[in-house]
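Remarks on the structure that follows.
The values are calculated or read from the model by the stated rules, or taken from the named source; none is laboratory data. From a predicted model like this one, the values you see are computed outputs, not experimental measurements. Ideal geometry is used to build each Cβ from the backbone, glycine not excepted, and the neighbour counts take in all protein chains shown.
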Amino acid sequence: MGKIIEKSAAKKGHRIVLKIDDSNLEELTIENLKKADVAIEFTGPEAAFRNINLCFDAGIPVVSGTTGWLDKYDKVKGRCELEKLAFFYASNFSLGVNIFFKMNQHLAKIMNKFENFDVSVQETHHIHKLDSPSGTAITIAQDIINEIKRKQNWVKENTEDDKQITIKSFREGENPGAHTVSYNSPIENILITHESKNREGLAQGALLAAEYIIGKTGVFGIDDLLDI
């Protein structure tokens, strides 16, 4: 994602002043971060919380697309609001995925009435993706749980418990990402699917978010950016 964001940023006339990966972690300092107008954070679940707080220490806004760390989200939100900082989080920055989220929510509202349909979620990503299930799949499942009263939580394996939603995860090649919601009954199936063709949509969304939060304070999400 970092390389794709850098390429897309250059096309839009932005200048990258600091790039951090495992090879130059010693350069991730408050002094260096202060050279930037905004930080875009796509790392891993172990590093995200530390990285976001370091950017806050430098007083710069943060756009994060890292998943798997959201047990600490309220701490980030609290600090952001207390110190009048800016933070933008999305589990997926793709415009198409976020339209898919809205479709999923609307369909779940309808399916709440029809108990003969059971629902499951499937996601496939490239073999380099660290978290499983994906943050996008978890968002999809949670949105279903919010609308379908007979569902209480999601699990990573097959379940016979009618109160649970199964999320099946697959890691294959360089697949940029595919998500499917399936409603199955004894007589028919309903499926909605989103497939990414590449990762450029994610990069473009992250850059739009970075442009959006400059000069703002508060906690933002994709609905703010898309004005949904």
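Here are a few things to note about the model shown:
- Among the criteria (1) touching a strand residue (DSSP E or B) at 6+ places or on another chain (Cβ under 6 Å); (2) assigned by TED's automatic domain parsing to the domain that holds Asp74; (3) hydrophobic (A, V, I, L, M, F, W, C), the one Ile214 does not fulfil is (1).
- Meets criteria (among the β-branched types (Val, Ile, Thr) and either farther than 22 Å from Leu107 by Cβ or without any contact (Cβ under 8 Å) to a residue 24 or more places away in the chain (or both)) for Ile192: no
- Number of positions in the stretch 136-189 that are over 27 Å from Gly221 (Cβ atoms), touching a residue at least 60 places away in the same chain (Cβ under 8 Å) and part of a strand (DSSP E or B): 1
- Of the helices (runs of 4 or more DSSP H) lying entirely inside the stretch 1-77, those containing at least 2 residues that are at pLDDT below 95 span 2-11.
- Flag for Gly68 being assigned by TED's automatic domain parsing to the domain that holds Lys7, on the phi > 0 side of the Ramachandran plot, surrounded by fewer than 20 Cβ atoms within 10 Å (Cβ to Cβ) and among the small types (Gly, Ala, Ser): yes
- In summary, Leu202 fulfils each of the numbered conditions (1) at pLDDT below 90; (2) buried (at least 20 other Cβ atoms within 10 Å of the Cβ); (3) farther than 15 Å from Ile40 by Cβ with the single exception of condition (3).
- The residues listed here are Ile140, Ile99; of these, the one that is under 16 Å from the mean Cα position of the chain (by Cα) and modelled with pLDDT under 95 is Ile99.
- Matching option when the condition is of a type in the set (Gly, Ala, Ser) and closer than 18 Å to Leu207 by Cβ, among Ala48, Ala36, Ala58: Ala36
- Test for Asn104: is it of a type outside the set (Phe, Trp, Tyr), closer than 30 Å to Leu191 by Cβ and more than 15 Å from the chain's Cα centre (by Cα): yes
- Any chance Val97 is part of a strand (DSSP E or B), aliphatic (A, V, I, L, M) and under 25 Å from Gly221 (Cα atoms): no
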